[in-house]
Structures are given as structure tokens and as C-alpha cells.
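Below is one structure; the comments refer to it alone.
Derivation of every value follows stated rules applied to the coordinates shown; laboratory data play no part. Computed from a predicted model, the values in this text were never measured in an experiment. Quick reminder, even Gly has a Cβ in these numbers, built from the backbone with ideal geometry, and neighbours come from all protein chains shown.
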Amino acid sequence: MDGQITSLIDALDTSNDQRSIRSALKSFSVACGFERFAYFEITSKDISTLNSYPPEWQHDYLQSQFARIDPVVTMAKRLMQMFAWSAQDWPSRYLTTEEKRFRSMAKQYGLRSGLTIPVQGSYGSILMLSLTSAQATNPTIGSVARAEQAVLYIHHRLRAIADTELMSCSLRLSSQEAVCLKWAAKGKYMREISLITNLQYRTVQFYLDNARKKLDATNLVQAVSIAKDKRII
């Protein structure tokens with residue numbers, strides 16, 4: 001596995017967006033004998049993920065806050081070291097309705113076995129990379145230190161890319177465009193923004209339209225969503 005980790009770190013070093021990082025992690029998981037991957041950053045208040053699971057599973061997992069009852073996440077927090085796991089070993093008695101639903105959906109989407117590498121992040125956060133398969137696997141665990149190094153490198157590459165995108169978008173929006181977009185994010189209509197900012201209605205419309213185009217959004221709602229995701233507003 002150490003050779004694959006070296007290749008992953010090399011690929012991450014040349015990645016310049018989330019798509020290329022996802023591609024590198026996908027290639028890494030396949031090279032290690034798995035089918036999918038899931039990278040998590042878990043804090044006390046939030047969870048973010050980059051993975052290769054179907055959109056339906058991603059939506060259900062985050063919407064239902066399954067990280068609270070996910071046995072792999074629970075074990076990762078408890079062990080805080082690399083471990084292999086199988087869904088067959090998960091407790092099957094005294095489960096809540098929610099836990100039964102999670103286990104059923106996990107098997108449906110092919111989460112039957114895997115290898116997970118948890119690492120302690122900053123400010124109490126947990127970084128975690130899971131490689132998973134729909135079949136029973138016997139993964140060869142290489143250097144724990146190298147595996148943890150790879151997880152930390154994923155984290156830092158994603159942070160660096162996010163910071164670069166933030167700086168790029170912030171510079172692309174003028175101060176007037178950003179102000180009008182911020183008021184739109186607070187639910188104000190263009191007429192109200194015009195009164196608040198002491199700008200003509202058509203001027204507000206012009207700034208918001210420019211912001212939408214610069215953020216590559218199809219409408220104002222999407223522009224606000226993108227700006228929030230990139231922490232511009």
C-alpha cells in the first residue's frame with residue numbers, strides 16, 4: 001500500500017481543484033483493491049465530505065446526519081488509528097429504527113467492508129479517509145505513518161484550493177457587487193437594496209447581474225448559494 005500512497009501524494013501535489021483531487025483518490029482506492037472512497041472532516045458542529053458515492057447516498061447521509069450513528073465513524077473516533085472493518089461485524093441487536101435504516105441503506109449502496117484512516121485535525125476536528133468495497137476484503141495495511149500523512153495532505157490540499165478559489169472570487173467581485181449580493185442573501189429585494197444602498201434600481205440590477213455572471217450562476221438564488229459556499233458573503 002505504501003507505493004500507492006506515494007503515487008497518491010504525488011497526484012495530490014499537482015491537483016488544482018476538487019475534481020482532480022477526487023480523481024486522484026478514486027485511482028488510489030482502485031489501486032488498493034477497493035471500489036469507492038470517502039474523505040470526511042468532522043468538527044463538533046459540522047461535517048464536510050469529498051467522496052465517490054452516488055449522489056442519493058451523499059444526500060441521505062448528510063440530510064439524516066448519519067455520522068452520529070455510523071459505526072465506522074464511531075470506531076474511528078474511539079481508535080484514532082487505521083483499521084479494517086466489515087458490516088458483518090456491526091451490532092445487529094437492540095438497534096433503533098434509524099440505525100436499522102442506516103445499515104440497510106449502507107449495504108444497498110455497497111458499504112460492506114473497508115479500511116479507514118482517522119487523523120486528529122486542528123481545534124478538535126477529525127480527518128478521516130475510508131476506502132470501501134461491496135465485497136468482503138482483506139486489505140494489506142502498509143505504513144500507518146504514511147497513511148496518516150496522506151490524509152493530512154488531502155486536508156491541506158483541499159484547504160489550499162478553497163483559499164485560492166476564495167481569493168479569486170473575492171477579487172473578481174467589485175465591492176458594490178458584493179454588497180448588493182450580501183443584501184440579496186439576507187432576503188432583500190432589488191427595490192429594497194436600492195433604498196438601503198442609495199443606488200438606482202437599475203444600478204442594483206446591473207451589479208447583481210454582473211455578480212451572477214462572474215460566479216457562473218444561472219440565477220440570483222444560485223449566485224447567493226455559490227457566494228456563501230465560497231465564503232464571499
Rel. contact order, % - alpha carbon contacts under 8 angstrom, at least six apart, region 1-165: 29
Exposed trypsin sites (Lys or Arg not before Pro) being those in a DSSP loop with at most 10 other Cβ atoms within 10 Å, the longest stretch of the chain free of them is 94-233
Across region 19-90, what fraction of all alpha-carbon pairs, as a whole percent, falls in each successive 5 Å bin from zero upward? 3, 12, 22, 26, 23, 12, 1
Rounded to whole Å and sorted largest first, what semi-axes of the equivalent ellipsoid does the C-alpha gyration tensor of the chain yield via the square root of 5 times each eigenvalue? 40, 21, 14
Pick from Leu220, Leu115, Leu152: which residue has the top mean-square fluctuation in a GNM of the chain where Cα pairs under 10 Å get a spring? Leu220
Let a ≥ b ≥ c be the square roots of the eigenvalues of the Cα gyration tensor of region 175-230; is it rounded (a/c under 1.5), or, if not, prolate (a/b larger than b/c) or oblate? prolate
Counting only C-alpha contacts under 8 Å and six or more residues apart, can you give the relative contact order of region 88-179 as a whole percent? 21
Low-density loop cleavage sites - chymotrypsin sites (Phe, Trp or Tyr not before Pro) in region 67-118, where at most 15 other Cβ are within 10 Å (DSSP): Tyr94
Nearest 10 degrees, 0 to 90: what angle lies between the long axis of helix 201-214 and the longest principal axis of the chain (Cα atoms)? 30
Residues whose placed amide H lies under 5 Å from that of Gly110, excluding near-sequence neighbours: none
Using the structure shown, select from Lys77/Lys188; Lys45/Lys107; Lys77/Lys228; Lys26/Lys188 the pairs with a Cα to Cα distance greater than 32 angstrom. Lys77/Lys188; Lys26/Lys188
When the helix-only estimate is applied to the chain (DSSP H runs of n ≥ 4, each -39,500 (n - 2.57), divided by the residue count), what is the mean residue ellipticity at 222 nm, nearest 500 deg cm²/dmol? -17500 deg cm²/dmol
